[in-house]
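**Q** Take a look at the following structure, please.
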Amino acid sequence: MRWTIAAVLLAFASAGIAADAGEIKSVSGTVHLERGGKKLPVKVGTPVQQSDVVVTGADGAAGITFTDNSLLSVGPNSVLGIDKYAFDSTTHAGQFDASLKKGTLAVISGKMVKQQPESMRVRTPSSIMGVRGTEFVVKVD
Amino acid sequence: MAAVAVIALLALVYWVAKPPNETVTVLPSADGHKGIVVVERGKDKQVLDQPYATTRNGDAVQILAATDIKETFGPTLQALPARPAVFLLYFITGTDELTDESKADLQRILDELKNRPLPDVYVIGHTDTVGELRGNDMLSALRAQTVQGFLVSAGIPEGRIQTAGRGKREPIVPTADQVDEPKNRRVEINVR
């Protein structure tokens, strides 16, 4: 019995890790996702998960919608990590950590920031941004 | 000679290890809410709390021109997905038939939805407070399904549309029970 419960909990936990955080909604030029050391091609409709890294080439740009209605986009020569994403659609509680290693990023925050300011954070190599709302841009070059 | 080599090496190391420039700018928000971003860099902390407030490498806040932002972030901003939106349609009392006004709105809403690549749509039906709970639950679900039918006919894949009926639980205009309020007989189309 105890093992059954453990197995069910584990299944939920791993399902949670693989759950889609969002979806690619716009792509132009060269764009790919890195997931678990693998390079994945990207098109409109490709799911984005926690721990994914979005990489664009010199002619690339991509836009992503998240389940809490956050919108992110990256421009050319960018590397964006979706480090942590959790959102409860009932309470609107959640946590969203992203990191821009290089390039350009635009953000429109969503329901979790409305519910709890600074539940979304964006890191750059030297800074950390607490998001209280709603629209901003970041460049690392 | 050795000194030159050392200087050259130091310059190279600095060039390779040089920390990148980082710029953060708060934009005016489309919904009129005040945007605020707090930027922490080591012990420095800058609060960006007005449109185009900018900090570069944690330096004091300055206000940039909108044109500077467009120049640097043009392709990035262009890649932003369409903003989430909510549309409302209203119904004739006790039925899943749209009011004349909403029939006229429907085409405009469908056109707007068709402009979005792969929209995620959540359709929620509601009723006024006339009648019993159970009957209103069924009516609200029927209204949502009817609207789903319109969306599917317009070419939106059925698999991307969720429906729900909330009955008389969530009136948009709060009323006593058994009140015929036209604004409450509605379907919300939430699209992302």
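**Q** Within segment B:15-116, which strands (runs of 3 or more DSSP E) (wholly inside it) include 1 or more residues that are under 19 Å from the mean Cα position of the chain (by Cα)?
**A** The qualifying strands (runs of 3 or more DSSP E) are B:22-26, B:36-41, B:85-90.
**Q** Take segment A:99-132 and flag every residue that is in contact with a strand residue (DSSP E or B) (Cβ under 7 Å, 6 or more places away or on another chain) and of a type in the set (S, T, N, Q).
**A** A:Ser99, A:Thr104, A:Ser109, A:Ser119, A:Thr124, A:Ser126, A:Ser127, listed by residue number.
**Q** Quick one: how many residues across segment A:86-137 are of a type outside the set (Lys, Arg), facing another protein chain (nearest Cβ under 7 Å), in a strand (DSSP E or B) and over 16 Å from A:Ile64 (Cα atoms)?
**A** 5
**Q** Can you confirm whether B:Gly74 is modelled with pLDDT of 90 or more and either within 11 Å of another protein chain (Cβ to nearest Cβ) or closer than 26 Å to A:Ser26 by Cα (or both)?
**A** Working: modelled with pLDDT of 90 or more: yes; either within 11 Å of another protein chain (Cβ to nearest Cβ) or closer than 26 Å to A:Ser26 by Cα (or both): yes.
Yes.
**Q** Looking at A:Thr65, A:Thr134, which is the one that is modelled with pLDDT under 95, crowded, with 19+ Cβ neighbours inside 10 Å and of a type in the set (Ser, Thr, Tyr)? Working first, answer last.
**A** Details: A:Thr65 fails: modelled with pLDDT under 95.
Only one candidate qualifies: A:Thr134.
**Q** Determine, yes or no, whether A:Asp68 is closer than 22 Å to A:Arg35 by Cβ and either part of a loop (DSSP other than H, G, I, E, B) or β-branched (Val, Ile, Thr) (or both).
**A** So A:Asp68 passes the test.
**Q** Filtering segment B:111-129 down to residues that are away from chain A (no Cβ under 14 Å) and modelled with pLDDT of 95 or more, which residue is farthest from A:Gly63 (Cα to Cα)?
**A** B:Thr129
**Q** Also: Can you pull out every residue in segment A:68-85 that is surrounded by fewer than 24 Cβ atoms within 10 Å (Cβ to Cβ) and more than 10 Å from chain B (Cβ to nearest Cβ)?
**A** Of everything in segment A:68-85, those that are surrounded by fewer than 24 Cβ atoms within 10 Å (Cβ to Cβ) and more than 10 Å from chain B (Cβ to nearest Cβ) turn out to be A:Asn77, A:Val79, A:Gly81, A:Ile82, A:Asp83, A:Lys84.
**Q** Restricted to segment B:119-159, and to residues that are acidic (Asp, Glu) and touching an Asp or Glu at 6+ places or on another chain (Cβ under 9 Å), which residue is surrounded by the most Cβ atoms within 10 Å (Cβ to Cβ)?
**A** B:Asp128
The values are calculated or read from the model by the stated rules, or taken from the named source; none is laboratory data. Source: prediction; values computed, not measured. As a convention, Cβ positions derive from the backbone with ideal geometry for all residues, glycine included, and neighbour counts pool all protein chains shown.
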